[in-house]
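**Student:** Here it is, the structure, as structure tokens.
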Amino acid sequence: MNLKQMEHMLALAASGSFSRAASQCCLTQPALSRSVQALEDELGARLFDRLGRTVLPTALGEEVLRRARRIVDEVAELQHCAGALRGHEAGSLRLALGSGPGALLMVPVMEHVARSHPRLKLTLTRGPIKAQLEQLRQREVDAVAVSHRGLVPAPDLDIEVVGELRAGFVCRSAHPLAGRPRVSFDELLRFPIASTALSDDIALTLVRHYGPQANPAQLVSLECEDVASLIETVRRTDAVFLGIVKAADAGLLDGTLAELMLAPPFEDHARFALVSLRGRSVPPALDLFRRLVRERLQHDHPRAPAKKLRRRAAKASAPAAAARQAGQAAT
């Protein structure tokens, strides 16, 4: 027996007529009769009594109808769920985010899901790369978004590079160094440097640019995996953030933060990867996340011209200057 035969039987029971049931099922009456007859032959008993033009289910027919309704309803629900999953409208997605992707993607991903896919259950976690990869291997998460530099290739992992963003130094716009056309590394060393744990590759790049004094082991005095907390600390103090410039996008756009231009220029990029378990079927909603990641991790915040940075610094320091002048006048 098959699903179509069950649907034909349900239509016949509901209409009580072969002709009406055939019309509902878009079949000829002989075709519908053959379908019902084939089901009766397979079960070895009549499912309907033909009483003239009236058709009524037998005792066995009633039992088969009861089960057939449940089966057809379950199949319809399964098809609906499959369609919802394909359209990212339902289901679940569990993601682990590294420090950089977490700062750039956490809020935008939750905001997009809340607005456009409210039936999708999204779970986001943070943590060290090794722990996140172990979660992936234990099937506790569906994918991991991390810095490509921290990854070690493995035969059970699919590693897809999904973006590249520029790294640099960012401070508050009222910082003593803000607005200068160029800042020497020695000048930078007068202030605390805030950053996440940096890879050996970045350490080598820094040392190559600025010498042994740029080794992160000595350079970084404020280390934290939460980039948002680092940015907020930089916004409130004279600490300088070292990391992905785009993580400070909001402050750079509203003028509360400024990027420092070092001499020689610091030129480095962070690459980000989406890691999944090889051979494992992933939720359809992962395609949604992949698109968001590519969109968010492909567009850098442009460097502001030095003149614009100086204007920002002057504007940010104006209240403090006014307060000093007021105090001098009072004395």
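The values are calculated or read from the model by the stated rules, or taken from the named source; none is laboratory data. Worth saying up front: this structure is predicted, and the values here are computed from it rather than measured. Cβ sites come from the backbone with ideal geometry, for glycine too, and all protein chains shown count toward neighbours.
**Student:** Looking at Leu206, is it within 23 Å of Gln132 (Cβ to Cβ), among the aliphatic types (A, V, I, L, M) and outside any strand (DSSP E or B)?
**Tutor:** No, not satisfied.
**Student:** Determine if region 265-273 includes at least one residue that is touching a helix residue (DSSP H, G or I) at 6+ places or on another chain (Cβ under 9 Å), farther than 21 Å from Val161 by Cβ, in a loop (DSSP other than H, G, I, E, B) and not charged (D, E, K, R). Break it down stepwise before answering.
**Tutor:** Here is the first cut: in region 265-273, the residues touching a helix residue (DSSP H, G or I) at 6+ places or on another chain (Cβ under 9 Å) are 265-268, 270-273.
Within this subset, residues satisfying the condition of being farther than 21 Å from Val161 by Cβ are 265-266.
Those left that are additionally in a loop (DSSP other than H, G, I, E, B): 265-266.
From the residues that got through so far, the ones that are not charged (D, E, K, R) too are 265-266.
Yes - at least one qualifying residue is present in region 265-273.
**Student:** Out of the residues in region 134-171 that are more than 19 Å from the chain's Cα centre (by Cα) and among the β-branched types (Val, Ile, Thr), state the one that is farthest from Thr237 (Cα to Cα).
**Tutor:** Val152
**Student:** Pull up region 141-162, narrow it to residues that are among the β-branched types (Val, Ile, Thr), touching a strand residue (DSSP E or B) at 6+ places or on another chain (Cβ under 9 Å) and closer than 14 Å to Ile129 by Cα, then point me to the one that is surrounded by the most Cβ atoms within 10 Å (Cβ to Cβ).
**Tutor:** Top of the filtered list is Val144.
**Student:** Could you grab the pairs with beta carbons closer than 7 Å, sequence gap of 6+ or different chains, first residue in region 239-261 and on the phi > 0 side of the Ramachandran plot and surrounded by fewer than 24 Cβ atoms within 10 Å (Cβ to Cβ), second one modelled with pLDDT of 95 or more and not aliphatic (A, V, I, L, M)?
**Tutor:** From region 239-261, the pairs are Gly255/Ser173.
**Student:** Please name all residue pairs, on different chains or six or more residues apart, with Cβ atoms under 9 Å, provided the first residue is in region 146-157 and is at pLDDT below 95 and the second residue is among the acidic types (Asp, Glu).
**Tutor:** The qualifying pairs are His148/Glu164; Arg149/Asp200; Arg149/Asp201.
**Student:** Still on this structure: Within the group Leu43, Leu60, Leu65, which residue is at pLDDT 90 or above and closer than 12 Å to Met6 by Cα?
**Tutor:** Result of the check over Leu43, Leu60, Leu65: Leu65.
**Student:** Oh, and also: Scanning for something part of a strand (DSSP E or B), within 28 Å of Ala194 (Cβ to Cβ), charged (D, E, K, R) and in contact with a Gly (Cβ under 9 Å, 6 or more places away or on another chain), does region 119-133 turn up at least one residue?
**Tutor:** Looking for residues that are part of a strand (DSSP E or B), within 28 Å of Ala194 (Cβ to Cβ), charged (D, E, K, R) and in contact with a Gly (Cβ under 9 Å, 6 or more places away or on another chain), one finds at least one in region 119-133, hence yes.
**Student:** Another question, then. Between a residue in region 36-53 that is loosely packed, with under 14 Cβ neighbours inside 10 Å and any residue that is part of a strand (DSSP E or B) and modelled with pLDDT of 90 or more, which pairs come within a Cβ distance under 6 Å, given they are 6 or more apart or on different chains?
**Tutor:** These pairs meet every condition: Asp49/Leu56.
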